[in-house]
Structures are given as structure tokens and as C-alpha cells.
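To start, the structure itself, in C-alpha cells.
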Amino acid sequence: METSSHDILMIGGGGAGLRAAIAIAEAMPGADIAMVSKVYPMRSHTVSAEGGAAGVAGDDDTIDEQCYDTVSGSDWLGDQDAIEYFCNEIPKELLRLEHWGCPWSRQPDGRVAVRPFGGMKKMRTWFAADKTGFHMLHTLFQTSLKYTSILRYDEHFVTRLLTDDGAVRGVVAIELRTGRIRAIMAKAVIICTGGLGRIFPFTTNANICTGDGMALAYRAGAPLKDMEMVQYHPTGLPFTGILITEAARAEGGWLLNKDNYRFLQDYDLGKPTPTPVLRSMELGPRDRVSQAIFGEFEKGRAFHGPYGDYVHLDLRHLGEHKIETRLPMVRELCLKYENIDPVREPIPVRPVQHYMMGGVHTDINGATPLKGLYAAGEAACVSINGANRLGSNSLGELLVFGARAGRHAVEYIGNGAPNGNLSHLLAQAADEEHRLETDYLKKSGGTERIATLREEMQKTMERGCGIYRERASLVESANKLIELKERFANILIDDHSRTFNTNLTQALELGFMLDVAETIVHSALNREESRGAHQRRDFPKRDDQRFLCHSLASRSAEGPPRIEYLPVVITRWPPGERIYGRDH
């Protein structure tokens with residue numbers, strides 16, 4: 001087995017991983033930095049983000065207002081110390097990207113343009129048309145290239161964290177091009193692997209978003225936090241799940257039911273208002289807009305299609321010029337994937353899984369309970385998002401906490417990170433190599449198809465952990481996942497080659513997804529209240545007495561994950577009512 005050693009290693013080459021690597025290179029010139037990524041960095045899922053990144057930019061806005069919007073939007077499950085730090089740092093990060101070359105859209109006077117986003121009372125979302133993630137990722141990647149100390153292991157799939165005496169000291173990874181298995185040692189590891197949307201059947205996430213980093217940390221002994229908090233985006237295309245950005249509603253798009261009626265006025269989102277930022281009821285927070293659309297489904301006021309019910313997102317009144325200049329990617333996606341032109345036709349949309357508020361449990365520095373292991377971006381739960389992420393906070397989060405995790409990893413190794421027992425680490429790596437060879441690459445027999453198990457898992461998660469949950473369906477999902485994990489041991493591997501063995505990759509991803517899916521179901525089963533994205537029909541009220549706390553799911557030697565609770569950090573804003581769409 002090939003081995004190599006570095007100072008700090010990132011798992012994931014998207015926005016959080018690149019920002020962490022740059023921060024490390026700046027804080028520790030000459031550091032030996034490694035980045036292991038399942039895909040070439042420019043194919044990371046950050047590239048798909050469309051709407052923008054929120055940061056105070058105008059004289060009519062303040063840090064405190066963004067803090068309150070984020071705290072309220074989180075349904076008071078966000079840690080307020082982390083939120084305050086985030087809101088103070090994000091304008092600096094966005095300006096830094098400007099200096100690195102990110103082409104933010106401009107106002108006529110040359111200042112950076114901002115747009116409104118759901119759940120925010122002021123316009124503070126910086127954007128680059130509707131390709132913000134694309135331009136941010138390009139900017140970060142190009143900036144990273146000037147640091148020769150950053151070594152990339154592109155198209156390497158990490159299968160295990162290596163630990164010694166409670167500290168993470170490296171990884172085992174497969175080079176997808178050759179099938180070669182490598183042990184890559186490091187004094188600190190930062191998980192930046194993004195989300196897990198492929199656990200669900202309808203998702204805006206790319207095929208690579210399979211919860212790998214969360215599962216790696218979970219298997220190594222780090223808890224996963226607030227995993228029941230699964231965000232549905234209100235507007236995905238019904239068949240593909242492709243995202244139609246919230247920017248479409250920020251620019252003035254309307255949501256209409258089959259009666260051509262703006263139905264959101266019937267829900268707890270307020271009436272249309274002349275206030276410039278809240279001029280549209282469509283700019284409610286994502287959890288409530290998704291719940292309202294689901295309400296239209298249940299009332300029989302939606303359209304019916306081959307891939308389920310849907311409503312319309314109407315942009316026609318915006319005009320071709322505005323759509324082409326502010327929402328060009330929306331038009332391109334509709335033309336390519338639905339064969340409709342939003343200039344002339346409404347867009348069919350439905351809620352689809354979009355984001356994980358939960359993730360690897362970290363403190364405000366990105367550190368996990370395992371020494372030497374950090375996490376940032378969607379893979380982590382710091383937590384600024386609580387029970388519901390406000391749109392355009394995720395791109396900012398990966399910048400702020402990617403940089404912070406990188407700087408604190410430098411501090412960790414500077415304070416004398418343990419070297420670890422090399423023979424112990426190599427023995428673990430050899431065990432992992434044997435597992436990969438025996439259970440997958442050289443496995444014979446097996447009857448269970450990966451695609452079949454994956455589809456059953458996705459349907460199970462949609463039924464049990466969709467927009468609305470209740471005890472009976474959650475228990476059913478928990479039992480089904482036990483069955484699927486038992487059947488997974490008997491999967492059929494058709495491809496025993498080593499070069500780009502996608503059969504092997506999909507099998508490993510499915511194993512990760514089943515582990516993480518179990519934490520979602522059991523965290524949801526134990527939280528007997530409704531808060532943000534977690535809506536229990538059998539417990540419809542928010543319960544601050546019992547559940548103003550984070551869920552922590554830890555792996556058990558046998559049986560389901562162990563669920564414990566951690567208090568939410570409250571600094572300045574005590575829990576209150578979430579109010580949208582009217583002056584308050």
C-alpha cells in the first residue's frame with residue numbers, strides 16, 4: 001500500500017475545502033497541505049449554488065438585524081455565538097472574494113448589487129446573476145493555485161478515517177482512476193464533503209452528495225448533530241429535482257396553484273406588503289413555503305403530473321430582459337430539462353430535498369470531539385442554521401467556517417499535535433484494504449442490487465422523514481433501514497475491475513447513506529415537537545421546555561444510534577414567535 005504524510009488534509013475540494021486550504025496556506029506558509037476530493041474540484045457541488053451569499057452591505061442594514069433574522073429563521077435552534085461570529089465575518093469574506101476576482105453583479109452606480117431572500121427583512125444577498133456558486137468556486141480554485149504547498153488528490157474516494165489514541169491522524173482512500181488504495185497521514189483532518197441529498201428520491205443535490213464525510217466521522221466516533229433537520233427547497237423541477245433558485249422569487253416570481261391563485265396568502269406568511277424587501281409573500285422562509293405547497297397538494301389544489309403533484313412558479317410578468325439578465329440559468333435549465341421558456345410559460349415546481357442543517361458536531365472553531373478532526377460547510381453543524389437555514393447563508397457559511405476551521409487546525413498542530421503510533425495507523429489501513437478487497441473488489445456471490453436497495457432507502461426516507469412526520473411512519477422507516485442494512489451485506493458486485501469502478505463507488509456510498517439515514521430517522525423519532533423543517537403531526541407545537549436543544553446521534557456498537565442532547569447557546573435573543581410578511 002502506498003503511504004504519504006502531510007501536515008493538514010482536507011476531505012472535499014469544494015468551497016469549504018478550498019477556503020480552508022487557502023486559510024491554512026496564509027496562516028502557515030510552507031505548510032504541507034493535502035486535499036482529497038472524490039471529483040475534480042470544479043465539479044464539486046458548490047458550483048451548483050445559484051442565488052447568492054448573504055452579508056450586510058447597505059447603510060440601511062445592520063449586523064444585529066442579520067443576526068436576528070438568522071436566529072429567528074433557525075426557529076431558535078441556532079447557536080447565537082456562532083451566528084454573531086458568522087454575521088460579523090461574512091461581509092469581510094465576500095469583499096475578500098471581490099478582491100480575488102469574483103464578478104459580483106453591480107448596481108448602475110457600480111456598487112455591489114444585493115437582492116432580497118426568504119426570511120430576511122433587508123436586501124443583503126450578494127449575487128453573480130444566478131450562477132453565484134459557479135463564480136465563487138472558480139474564484140476560490142484559481143486563488144488556491146498560487147499556493148504550491150497545496151497538493152491535490154483529485155478523484156480519490158475516502159473510505160475510512162485513521163485514528164490513534166482518540167485523535168484522527170489520516171485517511172484511507174481509493175484512487176478512482178487506478179483502484180490503488182492509499183494511506184494518507186496527516187496531523188489534522190478537515191471534513192468538507194457537503195451534503196447527503198441522494199438519501200432522498202427528489203433532491204437538488206448532485207449524485208456525489210451521499211453523506212460520505214458525515215458517515216466517516218460517525219464511524220470514527222464523532223456525533224452527528226441535528227440530523228432530523230432536513231431542508232426542503234420549495235421550487236425544484238418535478239422529475240429531476242433540479243433547483244429553480246429562490247432568486248426567481250426574490251426577483252418577483254409568483255407561486256400559483258391550479259386555479260391560478262397566489263395561495264401563500266392563505267398561510268402563515270402574511271399578506272402582500274408595499275415594504276420593498278417584503279413586497280412578495282413568496283419570500284417566506286423555505287420551511288414554511290414548502291409546507292404551504294404541501295398543503296395545496298393535500299387540498300387537491302395542485303396540478304397532477306407523472307412525477308407527482310406540483311404548482312406553478314410564474315415569472316412571465318418579469319419580462320424577457322429581466323429574466324435574461326438576472327435569471328439566465330433559470331431560463332437555460334427550463335429550456336433544457338422541461339422544454340419550456342419561463343418568459344412565456346409558468347414553471348412546474350415542487351418541494352425537493354435541498355440541504356442538511358445537521359451534520360458533524362463541531363464547536364465554533366470547526367473542531368469535533370475527536371482530536372485533530374474538524375469539519376466545515378454543509379457536512380458540519382456548527383450550528384448557525386438550527387432548524388431552518390435561510391437561503392443564501394450556506395455559501396457564506398462555507399467561507400467563514402472553512403477559513404476558521406483551517407486557521408484552528410494550524411493552531412492545533414502548532415501546539416504539538418500528537419504524532420500517533422505509525423504502526424497502529426498502518427495496521428488500520430491494512431485492515432481497511434483487506435475489507436475493500438474482500439467485501440467488494442473480490443467478492444463473489446451476492447443477490448442484492450445496489451440500485452434496488454438505494455431506491456427502497458430513498459422511498460423510505462421520503463415517507464418517514466419528508467416535510468411532515470409522525471411516530472408510526474418514523475418507526476416503519478427505522479425498521480426498514482434495519483432490513484436494508486442486513487440486505488446490504490449481501491450486495492452483488494458485478495464489476496471487479498480497478499479502473500473507474502463505479503459499481504464499487506456506488507456500493508461504498510450506499511453503505512455511508514444507510515448509516516446516515518439511520519441517524520436522521522432516530523433523531524426525528526426522538527424529537528417530539530415541531531420546529532422549523534422538523535414537523536411532527538403528532539406533536540404540532542414547538543416545545544422549548546423539552547427540546548430547545550441539539551440532538552446528538554452517536555454510533556452504538558449494536559443497534560440504533562444513541563441520541564443525546566446539548567443545550568442551544570443563547571446570548572441575546574430569547575425564543576420568540578417567528579413572524580413573516582408584515583411589519584414587526
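For the chain, which span is the longest to avoid every loop-located (per DSSP) member of GluC sites (Glu not before Pro) having at most 10 other Cβ atoms inside 10 Å?
Working: sites that count: Glu558, Glu577.
After excluding every exposed loop site, the longest remaining stretch is 1-557.
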Along principal axes, Cα extents of region 366-438, largest first, whole Å
45, 36, 17
Over all directions, what mean area does the Cα convex hull of region 56-168 project, stated in square nanometres?
10.9 nm²
Across the Cα atoms of region 119-185, what radius of gyration and what greatest pairwise Cα-Cα distance (Dmax) are found, in Å?
18.4, 52
With bins of 10 Å, the percent of all Cα-Cα pairs of region 482-538 per bin from 0 is 19, 35, 24, 16, 7, 0
Along each principal axis, Cα extent of the chain, largest first, Å:
68, 52, 50
In nm, to one decimal, how far is the Asn207 label point from the Thr499 one, both placed 7 Å along Cα→Cβ?
1.9 nm
Tabulate in residue order the Karplus-calculated ³J(HN,Hα) for region 77-85, using 6.51 cos²θ - 1.76 cosθ + 1.60 with θ = phi - 60°, rounded to whole Hz; enter x for Gly and Pro.
9, x, 7, 6, 5, 5, 5, 4, 4
Cα-Cα P(r), region 70-125, percent of pairs per 5 Å interval:
4, 15, 19, 24, 18, 11, 7, 1
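Summing +1 for each Lys or Arg and -1 for each Asp or Glu, what net charge is found among the other residues whose Cβ lies under 15 Å from the Cβ of Trp100? Working shown, then result.
Working: positive: Arg19, Lys92, Arg96, Lys146; negative: Glu26, Glu93, Glu98.
Combined, the nearby Lys, Arg, Asp and Glu give +1.
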By what distance, in whole Å, do the Cα atoms of region 148-233 stretch along each of the three principal axes, largest value first?
38, 33, 26
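Rank Met120, Met28, Met1 by accessible area, highest first, at a 1.4 Å probe radius? Numbers along the way, then the final one.
Details: Met120 5, Met28 55, Met1 90 Å².
Result of the area sort, largest leading: Met1, Met28, Met120.
Just the number, please: Stokes-Einstein D of region 302-447 in µm²/s, Kirkwood Rh from C-alpha pairs, 20 °C, 1.002 mPa s. Please list the in-between numbers first.
On the way: Rh = 20.4 Å.
Translational D for this selection: 105 µm²/s.
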Give me the one-decimal nm value for the distance between modelled label points at Lys485 and Glu345, 7 Å along each residue's Cα-to-Cβ direction.
4.5 nm
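Would you kindly state how much longer the chain becomes between Asn260 and Arg537 on full extension, computed as 0.36 nm times their sequence separation minus their alpha carbon distance, in nm to one decimal? Can you show the working numbers first?
Values: separation 277, 0.36 × 277 = 99.72 nm, distance 2.87 nm.
This chain segment gains 96.9 nm when fully extended.
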Ranking by accessible area, most exposed first, for Thr571, Thr148, Thr240, Thr235 with a 1.4 Å probe
Thr148, Thr571, Thr240, Thr235
Taking the simple approach of a point 7 Å from Cα along Cα-to-Cβ for both Ile579 and Asp268, what is their distance in nm?
1.4 nm
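What is the chain's relative contact order, in percent, from Cα pairs under 8 angstrom and six or more apart in sequence?
Working: 1358 pairs, mean separation 128.2, N = 584.
Normalised by residue count, the contact order of the chain is 22 percent.
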What accessible area, in Å² to the nearest ten, does a 1.4 Å probe give for Lys38?
40 Å²
Please state the shape class of region 22-68: rounded when a/c is under 1.5, otherwise prolate if a/b exceeds b/c and oblate if not, all from the C-alpha gyration tensor.
oblate
What does the extension gain come out to for Lys443 and Leu335, with contour length at 0.36 nm per residue minus their alpha carbon separation?
34.5 nm
Tell me, what is the 1.4 Å probe accessible area of His317, in Å² to the nearest 10?
80 Å²
Shape verdict for region 406-512, please, from the Cα gyration tensor: rounded (a/c under 1.5), prolate (a/b greater than b/c) or oblate.
oblate
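In whole percent, how big is the carbon plus sulfur part of the accessible area of the chain, probe 1.4 Å, protein atoms only?
Details: 10540 of 21040 Å².
On the chain, the fraction of accessible area on carbon and sulfur atoms equals 50 percent.
Of all DSSP beta bridges in the chain, what percent run antiparallel (nearest 5)?
On the way: 46 of 74 bridges.
In the chain, approximately 60 percent of DSSP beta bridges are antiparallel ones.
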Sequence neighbours fewer than 8 away in the same chain don't count; with that in mind, list the lysines whose C-alpha is under 20 Å from Lys443.
Lys485
Taking Cα pairs closer than 8 Å and at least 6 residues apart, the relative contact order of region 506-584 in percent is 22 percent
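Which order do Tyr355, Tyr337, Tyr68, Tyr310 take when ranked by solvent-accessible area (1.4 Å probe, heavy atoms of all protein chains), largest first? Before the final figure, lay out each step's value.
Working: Tyr355 15, Tyr337 120, Tyr68 70, Tyr310 50 Å².
Heavy-atom accessible area, descending, gives Tyr337, Tyr68, Tyr310, Tyr355.
The values are calculated or read from the model by the stated rules, or taken from the named source; none is laboratory data. Keep in mind it's a predicted model, so treat the numbers as computed, not measured. Because the Cβ atoms are built from the backbone with ideal geometry, glycine has one as well, and the counts that use them run over all protein chains shown. Side chains are part of the model used for accessible areas, which takes the heavy atoms of the whole protein and leaves out ligands, DNA and RNA. Shrake-Rupley method; radii C 1.70, N 1.55, O 1.52, S 1.80 Å.
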